[in-house]
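Below: the structure, in structure tokens.
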Ligand code: KG4
Ligand code: ZN
């Protein structure tokens, strides 16, 4: 079953053709350059760029797979969570095309896509990764920080999530404060690699004493803000690497501690990591070590583009949903769900 998937939940306009877990083509127009000068995603600009690019991105996905709409069996689209006016562009386009070409449509939760990105394969069917349920997912992006227990029937239990900022958002805000531009995550990773002492400033680790699986990142951002106020311009400049690294250390330390706690509590044998922050090589090393310690297989999306927003992950999620017959019943009733939660029933998507 060949699926054409569309993703426009934030600042990537994306389309892909998938077959089962195989990615036949993936086309992504990143709006980073548009939002960069504003230091973050501006919803109205995102909407305009999605509108301008969506047709071209879909055509590129079909061409990349050397297919036409005649070859496509099912279409899929992200309905949430995300920016309302951005989601709407993809949903409207998916409805329009599903009607025009008479295709069934599958509505997908963006976060389920980030989980499924771990099972993506190339057109030859590699890598061959087993799905070992229940699995634990650590979802770390610009909008989300969640620990999720994934069951084989595609039901999800959110064990814990952030009570304020997401870890990617915190990295982006720190990047801005440090004058590194947007997005902050990759810039902080690069600088931190060159730090003399990786944890010079020992920022407080938020929510460490909280016994559950929740996260909080706004306090860490404030800690950096006050530290920067305390330092002279010269000190800031001379210690930029150490500031970036200390921030990253604190942000990731909490992720590791809570993930370890969740591994212990659930006894899972597989950890799936997804979302833009999972592209971070330093965090990957730490998570792999954690997995080794507990005999847990740690997976990351097999390619870097599958960590950040893309439509291939939406197509793979749609494959599993379609296998269960979960198609949209009435295209006219399908709407964006900006605050869609992973634990929400899939019936909400019909
Ligand atoms: O999943 P994503 O593309 O979009 C959302 O759904 O939010 O994630 C974007 C986030 C940004 O906060 C960005 O700073 C972060 O992922 N990110 C990284 C890295 N690459 C992207 N954070 C840390 N290290 C990276 N290498
Ligand atoms: Zn995302």
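The strands (runs of 3 or more DSSP E) found wholly in region 1-88 and carrying at least 1 residues that are in contact with a helix residue (DSSP H, G or I) (Cβ under 6 Å, 6 or more places away or on another chain) and over 27 Å from residue 185 (Cβ atoms) occupy 2-7, 12-19, 74-80.
Answer with yes or no whether residue 148 is within 15 Å of ligand 1 (Cβ to nearest atom) and assigned to a strand (DSSP E or B). Spelling it out, residue 148 is indeed within 15 Å of ligand 1 (Cβ to nearest atom) and assigned to a strand (DSSP E or B).
Which is in contact with a strand residue (DSSP E or B) (Cβ under 8 Å, 6 or more places away or on another chain), part of a helix (DSSP H, G or I), modelled with pLDDT of 95 or more and crowded, with 19+ Cβ neighbours inside 10 Å, of 262, 250?
262
Just wondering, is there one or more residues in region 292-302 that are within 16 Å of ligand 2 (Cβ to nearest atom), within 21 Å of the chain's Cα centre (by Cα) and not in a strand (DSSP E or B)? Within region 292-302, one or more residues are within 16 Å of ligand 2 (Cβ to nearest atom), within 21 Å of the chain's Cα centre (by Cα) and not in a strand (DSSP E or B). Reported count of residues in region 151-183, each being within 16 Å of ligand 2 (Cβ to nearest atom) and either touching a helix residue (DSSP H, G or I) at 6+ places or on another chain (Cβ under 6 Å) or not in a helix (DSSP H, G or I) (or both), is 13.
Taking each residue of region 14-30 that is within 11 Å of residue 2 (Cβ to Cβ) and looking for partners that are modelled with pLDDT under 95 and crowded, with 23+ Cβ neighbours inside 10 Å with beta-carbon atoms closer than 9 Å, six or more apart or interchain, yields nothing.
Residues of region 266-286 that are free of Cβ contacts under 8 Å to residues at least 40 places away in the same chain, out of contact with any helix residue (DSSP H, G or I) (no Cβ under 9 Å at 6 or more places or on another chain) and not in a loop (DSSP other than H, G, I, E, B): 285 alone. Taking the conditions (1) farther than 16 Å from residue 16 by Cα; (2) away from ligand 1 (no atom under 12 Å from the Cβ) in turn, residue 108 satisfies each one other than (1). Would you mind finding the one in 262, 317, 289 that is farther than 18 Å from residue 169 by Cα and either free of Cβ contacts under 8 Å to residues at least 40 places away in the same chain or within 13 Å of ligand 1 (Cβ to nearest atom) (or both)? Exactly one of 262, 317, 289 is farther than 18 Å from residue 169 by Cα and either free of Cβ contacts under 8 Å to residues at least 40 places away in the same chain or within 13 Å of ligand 1 (Cβ to nearest atom) (or both), namely 289.
The values are calculated or read from the model by the stated rules, or taken from the named source; none is laboratory data. Predicted, not measured: the structure shown is a model, and the values here were computed from it. Using ideal geometry, Cβ is built from the backbone for each residue, glycine included, and neighbour counts are taken over all protein chains shown.
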